[in-house]
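S.K.: Pasting in a structure now, in structure tokens, and then I'll have a few things to ask.
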Amino acid sequence: MSSNRTFTMIKPDAVNAGNIGNILQMINEAGFKIVAMKYTRLSKQDAQAFYAVHSARPFFGELVEFMISGTIVAAILEKDNAVADFRTLIGATNPAEAAEGTIRKAYASSIGENAVHGSDSDENAAIEGAFHFAGREIY
Ligand code: ATP
Ligand code: MG
């Protein structure tokens, strides 16, 4: 995957609140092209593997239980400077600190239930995209 791509998930809180459409609209309006997308649900094993980097953190169990609590939308997004620009669009991890106009400011309710995931590096974007999508599912 080239460095103009990032990976996102619309998390269970935002799906349950009916915000899939609103969030996809913000993503489109910010200039990202969707090159892969699916509606799915993570198994416990999936969530533990996806967030393995946080396995030693005190919130790990809570994070895994939250991410498997409902369905998600997973997507690969394309844009120049995708990783950094998407982190700007989603806003700070804690919605109380998220800037106006960001997805988390609009739709996240807490640091744990924060509406969206965004990759934090080109390397992780490639790993995370490949975790969810086969090559033939990416357009
Ligand atoms: P994400 O990786 O989901 O895009 P992020 O990069 O902004 O979020 P990370 O530090 O990677 O934040 O944390 C991963 C996720 O773990 C957060 O999005 C949040 O759901 C959860 N999390 C992080 N810190 C806390 C915390 N202090 N308490 C509860 N949950 C947390
Ligand atoms: Mg992160």
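Every number here is computed from the coordinates shown, using simple stated rules; none is lab data. These figures come from a predicted structure and were not determined experimentally. Every residue, glycine as well, gets a Cβ built from its backbone with ideal geometry; the counts of neighbours run over all protein chains shown.
S.K.: Summing Lys, Arg as +1 and Asp, Glu as -1, what charge do residues with Cβ under 14 Å from the Cβ of Val15 carry, Val15 excluded?
M.R.: Summing Lys/Arg as +1 and Asp/Glu as -1 gives +1.
S.K.: Rounded, prolate or oblate: which one fits the chain, using the alpha carbon gyration tensor with axes a ≥ b ≥ c (rounded when a/c is under 1.5, else prolate when a/b beats b/c, else oblate)?
M.R.: The shape class here is rounded.
S.K.: Another question, then. Counting helices only, and only those DSSP H runs with n ≥ 4, report the 222 nm mean residue ellipticity of the chain as the sum of -39,500 (n - 2.57) divided by its residues, in deg cm²/dmol to the nearest 500.
M.R.: The per-residue figure over the chain is -10500 deg cm²/dmol.
S.K.: In addition: Once you list every other residue whose beta carbon is under 9 Å from the beta carbon of Glu113, what net charge do they have if Lys and Arg are +1 and Asp and Glu are -1?
M.R.: 0
S.K.: Could you check the simple spin-label distance between Tyr139 and Ser55, using points 7 Å along Cα→Cβ, in nm with one decimal?
M.R.: Here the modelled spin labels are 3.6 nm apart.
S.K.: May I ask you to derive the relative contact order of the chain, considering only C-alpha pairs under 8 Å and at least 6 residues apart, and to give it as an integer percent?
M.R.: The normalised contact order for the chain reaches 39 percent.
S.K.: What's the extension gain from Arg41 to Thr93 if we count 0.36 nm per residue and subtract their Cα-Cα distance?
M.R.: So the chain would gain 16.5 nm between Arg41 and Thr93.
S.K.: OK, next. Can you tell me how segment 62-139 classifies by the Cα gyration tensor, rounded, prolate or oblate, using a/c under 1.5 as the rounded cut?
M.R.: Because a/c hits 1.5 or more and a/b fails to exceed b/c, segment 62-139 counts as oblate.
S.K.: A further question follows. Using alpha carbon centroids, what distance separates segment 10-33 and segment 50-65, in Å?
M.R.: 24
S.K.: Next question. Could you line up Glu100, Glu62 from fewest to most neighbouring Cβ atoms inside 10 Å?
M.R.: By the 10 Å Cβ count, ascending: Glu100, Glu62.
S.K.: R0 = 25 Å: FRET efficiency of Ala30 with Ala130, Cβ-based, nearest 0.05?
M.R.: FRET efficiency, Ala30 to Ala130: 0.60.
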